[in-house]
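In what follows, a single structure is set out as structure tokens and then discussed.
The values are calculated or read from the model by the stated rules, or taken from the named source; none is laboratory data. The model shown is predicted, which means the values in this text are computed figures rather than measured ones. Cβ coordinates were reconstructed from backbone atoms using ideal geometry, including for glycine residues, and neighbour counts include every protein chain displayed.
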Amino acid sequence: MRLLALALHRLVWFVPTLLGLLVVTFVISRVVPADPVALVAGETATPAQVEALRHDLGFDRPLPVQFVGYLARLARGDMGVSLFTRRPILDDLAHRLPATIELTVVAMLVSVLIGIPLGVVSALWRNSPFDHALRILTVSGLAIAGFWLGIMLQLLFSMRLGWTPLNGRLPGYPPTHLTGLYLIDAAVTWDWATFGVALRHLALPAATLAFPALATLVRFTRAGVLDVMQSNFVLYERAMGLPRPLIVWKYILRSALTSTVTQIGLLFGILLAGAVVTEAVFDWPGIGTYAVSSIVLSDYNAVMGFTVWAGVIFIVVNLLVDLAHTLVDPRERAS
Amino acid sequence: MRAVWFVVARLARDRSALIGLVLIALLVAAALLAPVLSTHPDDVFELHPSERLRAPSGTHWLGTDRMGADVYSRLLFGARITILIGLIAVGASLLIGVPIGLVAGYYHGWPSDLLMRASDVFLAVPQVVLAIAIAQTLGPSLPNVILALSVTYWPWFARVVYAETRALQKEPFVESTAALGASPWRLTVLHVLPNIASPIIVRSSIGMGFTILTAAALGFLGLGPPPPTPEWGRTIAESREFLPGAWWYAAAPGVAIFLTVMGFNLLGDGLRDVLDPRLRRSPARDG
Amino acid sequence: MTHGRSRLTLVLLAAGLVLGLAALLSAPAAAQTRFVFANESPYDTLDPHAAFDVGRVAVRLNLYDGLYRWLDNPPKLEPWLAESHTVSPDGLTYTFKLRKGAKFHDGAEITAEDVRYSAERILAMKKGAASLLSTMITPGATKALDRHTVQFTLTKPAAIFMAVIPEIHVVNSALVKKNEKDGDWAAAWLTNNEAGSGSYMLTRYDPAIGFTAKRFPGHFMPWGAKSIDEIDFRFVKEDNTRVLGMIKGDYQGTGGYLPNDQVKRLREAPNVKIVEAESMRIMMFQINNQRAPLTDVHVRRAISYAFDYDGFNKEILGGTVERNPVPIPNNMWGVPRDVKGYTYSLDKAKQELGQAQAKVDRPITVGYLQGFSQTEQAATVMANGLRKLGLETKMTSEVWPAMVERMKKPETSPDLVVYWISTYYADPNNWIGEMFSSSQWGTFKASSFYKNPKVDDLLETALKSTDRAVREKAYQEAARIVVSDAAGVWIYNTKYFGPWAKNIEGIRFSPIGNGQEIRWLHYK
């Protein structure tokens, strides 16, 4: 019941929150002194030609009018056309989203598949040298600048050792387009050569992105497992003489996993923020570089389009995480 | 006062927190004593093109950069910028976020919801992206970076304070004080604030680390203070085109950032362990 | 049972034999030669009339043809689609005779009507070369006299008209008209498709990746026996990636304006050769002549004496560029050979400042381009020099389109801006003419906002006359005045250091095409 109330409460605020985000972004992007119409007109255009183009694009009308017009088109599902690529924003976003999704998912998988077991082992062998080494690693994970880690990895593995390519997703044309996720597209069409190349291109960026997430996961899994291990019912079971592996599996692992679920939202935040910088370092053609280049080029429509997308995703994820948190944590449920 | 001493004593027993404190002390020393500790203090703005990209040696402990300036000396002066950005940005976020969190937590109903949803707006987009937008709009400079970071970090304070204030409201001592007729003002300042001081302090320390990382990222993307400012993130960006040859050029500032942020993180963790053991166990939202 | 099994075995053996034989006998397809080029700018449009810049020249050079073409270094205008041309005595009418039998990629013959349509399209779209052409011809002033004769009527005599003719890339008017939508001259369609006659035909295009094209056997220019069959032009943003790719053999060519340290790495690679050539691309600081205290010539001269030219050219750029003290490339005609220009001398700078009437009491804004570290370094060197004079500076940076926008008005343009001006067409007007004529205010080349009636006269004379000797004298005189006036700070002229695969031959470098016309190339 409380869950439903929370969900409804958040939903009611969903639209105003999104609206607020749009207003803030709209104002910021329009206040920019640079003029993207100049980009469209080309560097050899005269001021008169630029003004004519501005009128054509509707950017000479008062700001509130432009905003309302944008909202009206948005309601119809029209995000407008990018001033830079001259293509519909939705197309551009759809084109670039798979790149970020692939990178983020692989990074997420890496951090989960490595992080959780490490966290559990670290807690079970508490204060062992292994545990100490891991703790140093996890503290480092959140202290290293992501862009610097990426550059150092490039230096070692690409430039010095030559094991991986320097950057980018693929050197040439992508495999047959099915999902836009190159690993899946290549595997499904049995194009294993491309699969291998794509995987090698993913190696460094995914590692860079996963590192802070991995560190966080190890920490919280360890803490969660330690919590459970010290809880009363586990002590009771041990006193009763139940074998350790059984205790580990039955209680510790399960509750560790549960606490991890609530960390997914946190993880998502880390990964998305990290994606922007990681994509910049590795020239990854995803949403992150799209957002940055749109901002830098003052591509109004693209900035708004990205903000709408990011805003919706974030608000939804936050809501889901809050709901999950409420479900899981009895203390929160009681409040 | 006794409480402070108690905290310090407990902290001193935590080895990793001590390490953090030492690292921070090193950073502050580097910043304050930069003119004294550096070997080529003029290299903050002086150029020596004929000595560019030299490897570390006796004269240039960490080599020279693309303009022939001493990397080590510029690193020390860069510490000043790092501390400045961190302190002011976190301080400003605190001054904005804490009152907002207090008001939202104390009152109920739609004004409080409005404030929290406003903070959601700023959390909806990754801080880095929002900071980029602001810095790009206003132009790359030190004050603009600080502004961009302050404007995007305050929600973290607001959220923590909001949650704690709400939790405190249910405490008997607060309810009874209110029942006795204490004004909201008195209640907040005398009773609520001291109790939420711990999470605020912890978040400030962690916030320093986080802010410094984001500031470096902005500097890396070219949105920070302009050349020839020896900002660490910008230095890393400058060094890229000279890799793999001049690896020290990229490695040194990165290690500096790492040690600095590690220092604040370790201290923050130690503070959290000491001040609020309860926090350690709950999967608190972090950032 | 054995019977059945052995029969099966026999059948299988026979099938195997047949297949094996077939595989042996089927002649392997002749190996297709490929050429991959890594470009530093994205090919965001294929429309030859939408862009004019060197960054995307590969599209125009390989997929399209013009009436004449710039070839070799020093650049010469060679007849291409046109066999010859005549100019009327008053210099207003240019008549071109097209070669017969030249075809578009879809088989249609190239006629004068296609040329006429292409010229009109450029003027209508108002992009790329339109800004130059529209000063010389108006819509409707181009006529197709007959199937193979096209005539241009100019509004006034213009010496540079022939120099700009190669930018009228001829598009297949029938094909383009078919894909027009709402009177957009097929702008949307031609962005992603081609309607050309060039040496290569488009096979694949993705604005984020690049384009590929295959040889057009029916091209009017003869092909060699070993000409390249397939070309692949890719957008590869990072210098390091392009360099690594050249070393590994992933690319056979890339842009020739890399930083010196990268060129050194490539020289050491066993499968890469560096082709050196003198290019025409000057780097300079534009000084905002309209903003006090830069209105005072002594202040401008002081600034000109405050830049460490040798430190920048010889040390930071490793001697890979030539000092170019005049706003015309050294290797172009029209340079006054007696002008030595300014040197790095703080004493002379202080002297000039002493003579100045205007007081420099505010920081001088120095603008550079985001993403171009050389401009950042140049700005740093300039700021350092000015600091030594006791002048404060404030650095400001923009991406190129934003900087172009700021440079359109004297109020928004920075005090100093550093960038390059490449060869859009090979004529001194491309530099000094468009930089210092007061009629050019508002264009990105004229952000000096210089206004001198005497110089205006000289430049106007040079534009109108078709006599090379007259023009040369005019440009030389104009250059002398502009240098004396210290209207800008001219740093260097680029040298081209083109990385190419060692086994590639036939490269024809020209400052306009930068060697990216692949039809001349072949593998050893």
**Report entry** Number of the exception - B:Asp43 against (1) in contact (Cβ under 8 Å) with a residue 40 or more places away in the chain; (2) in a helix (DSSP H, G or I); (3) within 14 Å of another protein chain (Cβ to nearest Cβ)
**Finding:** (1)
Report task. Identify all residues within segment A:265-307 that are at pLDDT 85 or above, in a loop (DSSP other than H, G, I, E, B) and hydrophobic (A, V, I, L, M, F, W, C); write none if there are none. Result -> A:Trp284
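Go through A:Ala94, A:Ala99 for me and flag whichever is closer than 25 Å to A:Gly305 by Cα and within 15 Å of the chain's Cα centre (by Cα). Lay out the reasoning, then the answer.
Details: A:Ala94 fails: within 15 Å of the chain's Cα centre (by Cα).
After applying the criteria, what remains is A:Ala99.
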Query raised in the report: Restricting attention to segment C:220-234, which residues are crowded, with 19+ Cβ neighbours inside 10 Å and either farther than 16 Å from C:Tyr523 by Cα or of a type in the set (A, V, I, L, M, F, W, C) (or both)?
Result: C:Ile228, C:Ile231, C:Phe233, C:Arg234
Report task. Could you check B:Leu138 against (1) at positive phi; (2) without any contact (Cβ under 8 Å) to a residue 12 or more places away in the chain and say which number it fails? Result -> (1)
Query - Qualifying position, being closer than 23 Å to C:Asp310 by Cβ and surrounded by 15 or more Cβ atoms within 10 Å (Cβ to Cβ), among C:Gln370, C:Gln374 - result: C:Gln374
Requested in this report: Taking only segment A:105-148 into account, find how many residues are crowded, with 20+ Cβ neighbours inside 10 Å and among the aromatic types (Phe, Trp, Tyr).
Outcome: 2
**Report entry** Matching entry among B:Ser198, B:Ser176 (being among the small types (Gly, Ala, Ser) and under 18 Å from the mean Cα position of the chain (by Cα))
**Finding:** B:Ser198
**Report entry** Breaking point among (1) within 19 Å of C:Tyr523 (Cα to Cα); (2) more than 11 Å from chain A (Cβ to nearest Cβ); (3) polar (S, T, N, Q), for C:Thr212
**Finding:** (2)
Requested in this report: Scan segment A:114-163 for residues that are within 11 Å of another protein chain (Cβ to nearest Cβ), within 27 Å of the chain's Cα centre (by Cα) and not hydrophobic (A, V, I, L, M, F, W, C) and report the count.
Outcome: 8
Requested in this report: Could you please give the count of residues in segment A:149-170 that are in contact with a Lys or Arg (Cβ under 8 Å, 6 or more places away or on another chain), crowded, with 22+ Cβ neighbours inside 10 Å and not aliphatic (A, V, I, L, M)?
Outcome: 1
Query - Filtered residue count, segment C:223-248, keeping only those that are of a type in the set (Asp, Glu), under 20 Å from A:Ile151 (Cα atoms) and in contact (Cβ under 8 Å) with a residue 12 or more places away in the chain - result: 1
**Report entry** Close pairs (7 angstrom Cβ cut-off, 6 or more residues apart or separate chains): more than 9 Å from chain A (Cβ to nearest Cβ) and under 15 Å from A:Val281 (Cβ atoms) in segment B:240-257, hydroxyl-bearing (Ser, Thr, Tyr) and part of a helix (DSSP H, G or I) anywhere
**Finding:** B:Glu241/C:Ser373
Query raised in the report: Just one of the numbered conditions (1) farther than 19 Å from B:Phe45 by Cβ; (2) acidic (Asp, Glu); (3) under 34 Å from the mean Cα position of the chain (by Cα) is not true of C:Glu376; which one?
Result: (1)
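Can you confirm whether C:Phe285 is within 11 Å of C:Gly488 (Cα to Cα), touching a residue at least 60 places away in the same chain (Cβ under 8 Å) and of a type in the set (Phe, Trp, Tyr)? Lay out the reasoning, then the answer.
Numbers: within 11 Å of C:Gly488 (Cα to Cα): yes; touching a residue at least 60 places away in the same chain (Cβ under 8 Å): yes; of a type in the set (Phe, Trp, Tyr): yes.
The answer is yes for C:Phe285.
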Query raised in the report: For segment C:338-372, which residues satisfy the criterion of being within 14 Å of another protein chain (Cβ to nearest Cβ) and over 20 Å from C:Arg406 (Cα atoms)?
Result: C:Tyr344, C:Leu346
Query raised in the report: Cβ-Cβ below 7 Å, separation at least six or inter-chain, first residue in segment A:270-285 and within 9 Å of B:Val128 (Cβ to Cβ) and in contact (Cβ under 8 Å) with a residue 60 or more places away in the chain, second of a type in the set (Phe, Trp, Tyr) and crowded, with 24+ Cβ neighbours inside 10 Å: which pairs?
Result: A:Val277/A:Phe147
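Can you name every one of the helices (runs of 4 or more DSSP H) wholly within segment C:82-171 that holds 2 or more residues which are more than 20 Å from C:His219 (Cβ to Cβ) and within 14 Å of chain A (Cβ to nearest Cβ)?
On the way: elements: C:112-125, C:130-133, C:161-164.
Passing ranges, in order: C:112-125, C:130-133.
If I ask for residues that are more than 11 Å from chain A (Cβ to nearest Cβ) and farther than 15 Å from A:Val277 by Cβ, which ones from segment B:228-239 would you list?
Applying the first criterion (more than 11 Å from chain A (Cβ to nearest Cβ)) to segment B:228-239 yields B:228-231, B:234, B:238.
Once the filter is applied, which keeps residues that are more than 11 Å from chain A (Cβ to nearest Cβ) and farther than 15 Å from A:Val277 by Cβ, segment B:228-239 yields B:Pro228, B:Thr229, B:Pro230, B:Glu231, B:Glu238.
Residues that are surrounded by 20 or more Cβ atoms within 10 Å (Cβ to Cβ), at least 3 per element: which helices (runs of 4 or more DSSP H) completely within segment B:142-259 meet that?
Numbers: elements: B:142-169, B:172-179, B:193-220, B:232-239.
Once the helices (runs of 4 or more DSSP H) in segment B:142-259 are filtered for at least 3 residues that are surrounded by 20 or more Cβ atoms within 10 Å (Cβ to Cβ), what remains is B:142-169, B:193-220, B:232-239.
Counting only residues that are aliphatic (A, V, I, L, M) and modelled with pLDDT of 95 or more, how many does segment C:407-431 have? Before the answer, list the steps.
Here is the first cut: in segment C:407-431, the residues aliphatic (A, V, I, L, M) are C:407, C:416-418, C:421, C:426.
Restricting the remaining residues to those that are modelled with pLDDT of 95 or more gives C:416-418.
Summing the residues that are aliphatic (A, V, I, L, M) and modelled with pLDDT of 95 or more in segment C:407-431 gives 3.
Out of the residues in segment C:355-406 that are assigned to a helix (DSSP H, G or I) and polar (S, T, N, Q), which is modelled with the lowest pLDDT? Let's see the steps before the verdict.
Taking segment C:355-406 and keeping what is assigned to a helix (DSSP H, G or I), we get C:355, C:373-388, C:400-406.
Filter once more, so that each one left must be polar (S, T, N, Q): C:355, C:373-375, C:377, C:380, C:384.
Values: C:Gln355: 93, C:Ser373: 87, C:Gln374: 92, C:Thr375: 94, C:Gln377: 94, C:Thr380: 95, C:Asn384: 94.
Ranking the candidates gives C:Ser373 first.
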Query raised in the report: Conditions: (1) over 24 Å from B:Ala79 (Cβ atoms); (2) at pLDDT 95 or above. B:Gly254 meets all but one. Number of the miss?
Result: (1)
Requested in this report: Name every residue in segment B:1-51 that is in contact with an Asp or Glu (Cβ under 6 Å, 6 or more places away or on another chain) and buried (at least 16 other Cβ atoms within 10 Å of the Cβ), in order of residue number.
Outcome: B:His40, B:Asp43, B:Pro49
Requested in this report: Within segment B:98-125, work out how many residues are over 15 Å from B:Val192 (Cβ atoms) and assigned to a helix (DSSP H, G or I).
Outcome: 14
**Report entry** Scope segment C:244-264; condition within 22 Å of C:Arg281 (Cα to Cα) and under 21 Å from the mean Cα position of the chain (by Cα); matching residues
**Finding:** C:Gly253, C:Thr254, C:Gly255, C:Gly256, C:Tyr257, C:Leu258, C:Pro259, C:Asn260, C:Val263
Query raised in the report: Could you give every pair whose Cβ atoms fall below 9 Å, whose first residue belongs to segment A:13-34 and is in a helix (DSSP H, G or I), and whose second residue is acidic (Asp, Glu) and at pLDDT 75 or above, counting only separations of at least 6 or pairs across chains?
Result: A:Trp13/B:Asp113; A:Trp13/B:Asp120; A:Thr17/B:Asp120; A:Gly20/B:Asp120; A:Leu21/B:Asp120; A:Ser29/A:Asp299
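Based on this model, can you work out whether B:Val90 counts as in contact with a Ser or Thr (Cβ under 9 Å, 6 or more places away or on another chain), modelled with pLDDT under 85 and buried (at least 21 other Cβ atoms within 10 Å of the Cβ)?
Here the answer is no, as B:Val90 does not meet what is asked.
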Query raised in the report: Which ranges mark the helices (runs of 4 or more DSSP H) fully within segment A:155-246 that have 2 or more residues being under 17 Å from A:Thr278 (Cβ atoms) and at pLDDT 90 or above?
Result: A:192-230
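Please specify each residue of segment B:126-137 satisfying the condition of being at the interface with chain A (Cβ under 9 Å from one of its Cβ atoms) and either not β-branched (Val, Ile, Thr) or not in a helix (DSSP H, G or I) (or both).
Listed by number, the residues that qualify are B:Pro126, B:Gln127, B:Leu130, B:Ala133, B:Gln136.
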